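Below is one structure, written out as structure tokens; the observations come after it.
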């Protein structure tokens, strides 16, 4: 034992020295050195008329005072997009610092040619390392989404990034995304979390398109068409409502909340929601508890494609009129309400289908994919010219609605 | 051959094969099969798997004909000495290139997803040195290590896949078998290279306690790998759809960025998957590294292979840093699979077996199979 002591001591020293000297980590970042960006807003860089006037006025003033007027980089190649971020004060989450709302989060914004250049411009004025791994929402301004070139660049910037999760919510904002991001909401102070919670809790309303970045990118990969949720700004709150129709990598128009529900019904995505029909001028709200659809495709006598879409639903009646003579607890009456709802659903779906077939000319459901999967022989015929064929396809809707319950009173 | 006196069991051979063959290819496998055959990619995996199983079995039958000899020795008997030496040299080069690709793709993926500030050189060097340590320990340690690690790779993988089951849309695999048979066959030729690694049996069979069991071991290992590949391809394609699978460089990893574990406070489980994959690559690299070292040491008739381990490390390191960028890496990898992988994995072993059969070579009965091979030559 003792004889080996020097050897043992040497090896012990060696082990400790090696463990201390060799191990290490290049990528170590302390958590409070990271800025967890929860929401990212991207807009097209545009000088508004008022701003132009303001700048010119200021320039004239400066000239009068004998100063050289400031140059405003109006149309340089670098001024393409406006990127805005918001990150929460992590120190606050740990319980440090005062609870002043202004300290909760830090909004920042800059102009640049692409997302990453903008982020690096933001980084030089921050004391932290920008981290996108916890990004919850990406807001894209209407103006940018309508610009095909810029939109495709932004999409690729996000698609390529390994930090950004595909579970991020990708939303087209009505107006400026930056404005939406810098809103001071009453309900939930941090925009990223706010949007995430809207999606998680209100998806059952079926009033907006429940798709994430990964879904939108996947849909765009096929033909360049997709439907993305829309964000609407209000005074001190946001609403995710309706959807943006993206045609050929460009925002082409909006769909309202009811239209979006119809689109989702055809896409078999509806999980809930309220439909109100009028029976003898009394509004009857119907709560969807289950919904589905079936598609049949065939050639008609003329050789044209015809699609039969059956929209199925189950649910409850949740309201009627107090002390009304006609009681709800009557199978015949229930059947007649079912019929009214069926007509309403068919009308909604026919309407939105007409809009998408003839006004937009976009197959946002990916029926071509449906054909490729389930009817490959039809796909072989029409797959190549689907864009031209889709508006010509005859769409027939029918509906099968069941009312299961009527609440706790007769 | 001090360290190589120890033998491996048939189970250990199965484990070595599984951990060896599942390597860098698994990350891009769904993309490759989908590029070749669209939604019928799984069929390529099956065709490739069957072909590879047959070839792997033939390799062990070849080993049975020459008890106590590895390919280094009997290639000389079958091909004449100069050609045999050439064959062995080619084999070494093949192993070294394979190692280089493992190291490089490992470094690329790790840099992309986990360690974006660590220099590629450091990732490659530390990984290579760790593997060198394993290779120095010899085949028995590798066998035991593989036995331990294979369950640690396979079981967590399927556990982490469970939350994804809800997101799998099996209609992404439709339409079934609409690809033309000709296209399926040409695609299968490309995909079979993802089964490469079984040719290590040409060397390892000698080190088995009962070399006759090698054939059975391969018949267990190869179908298991095929099932694993099938699970990976089907899950990836059904989550992402064929359009996106074709676009993403490493789709098998990408699906774990989509999966949310319900109730878990961790957002991305792909970190765990990365660590499983690192272990699997480690075994792959060690296997091929050992193959190179072993071939060389048997050629030089050395008693201890471990001398050669460290001198080969700089060679692998150098090869691994040759491609300029990730696109070049995959260009080289395609070329490598075509011009070295298919010949050394499929054509040459089968050729050798045919040659042996034509010459009417019968296994030498009664010979001491446990004897070190070097003396048999």
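Below are the figures for this structure:
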quantity: Estimated Rh, chain B: Kirkwood, alpha-carbon pairs, angstrom; calculated: 21.1
quantity: Peptide A:165-174 - average C-beta neighbours from other chains (10 Å radius); calculated: 2
quantity: Likely footprinting exposure, B:277, A:26, fewest C-beta neighbours within 10 Å first; calculated: A:26, B:277
quantity: Rounded to 5, the percent of DSSP beta bridges in the protein assembly as shown classed as antiparallel; calculated: 60
quantity: Least to most buried among A:23, B:70 (fewest other Cβ within 10 Å first); calculated: A:23, B:70
quantity: With Cα atoms, 0 to 90° folded angle of helix A:257-266 axis to chain A main axis; calculated: 80
quantity: Dmax and Rg, reported as Rg then Dmax, of the protein assembly as shown (C-alpha, Å); calculated: 32.6, 110
quantity: Relative contact order, percent, region A:267-405 [alpha-carbon distance under 8 Å, six or more residues apart]; calculated: 30
quantity: Inter-chain shielding of A:262-275 (mean C-beta neighbours from other protein chains, 10 Å cut-off); calculated: 0
quantity: Spatial separation of Cα centroids for region A:226-293 and region B:90-115, in angstrom; calculated: 50
quantity: Over chain A: helical MRE at 222 nm, DSSP H runs n ≥ 4 each giving -39500 (n - 2.57), nearest 500; calculated: -10500 deg cm²/dmol
quantity: Least to most buried among B:31, B:359 (fewest other Cβ within 10 Å first); calculated: B:359, B:31
quantity: Overall form of region A:229-298 per C-alpha gyration tensor (a/c, 1.5; a/b vs b/c); calculated: oblate
quantity: Between 0 and 90°, nearest 10: helix A:49-64 axis offset from chain A longest Cα axis; calculated: 30
quantity: Inter-chain shielding of A:370-382 (mean C-beta neighbours from other protein chains, 10 Å cut-off); calculated: 3
quantity: Kirkwood Rh in Å, taken over all unlike Cα pairs in chain A; calculated: 25.3
quantity: 0 to 90° range, to nearest 10: angle between helix B:348-358 axis and chain B longest Cα axis; calculated: 40
quantity: Distance from region A:1-64 to region B:1-61 (C-alpha centre basis), Å; calculated: 42
quantity: At 1.306 mPa s and 10 °C, Stokes diffusion of region A:267-405 via Kirkwood alpha-carbon radius, µm² per second; calculated: 95
quantity: Pairwise Cα inverse-distance average, inverted: Kirkwood Rh of region B:228-357 (Å); calculated: 18.6
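Quick note: the coordinates plus some simple rules give every number you see, no bench work behind them. Note that the coordinates shown come from a computational prediction; the quantities given were computed from them, not determined experimentally. Positions of Cβ are generated from backbone atoms using ideal geometry, with glycine treated the same way; all protein chains shown enter the neighbour counts.
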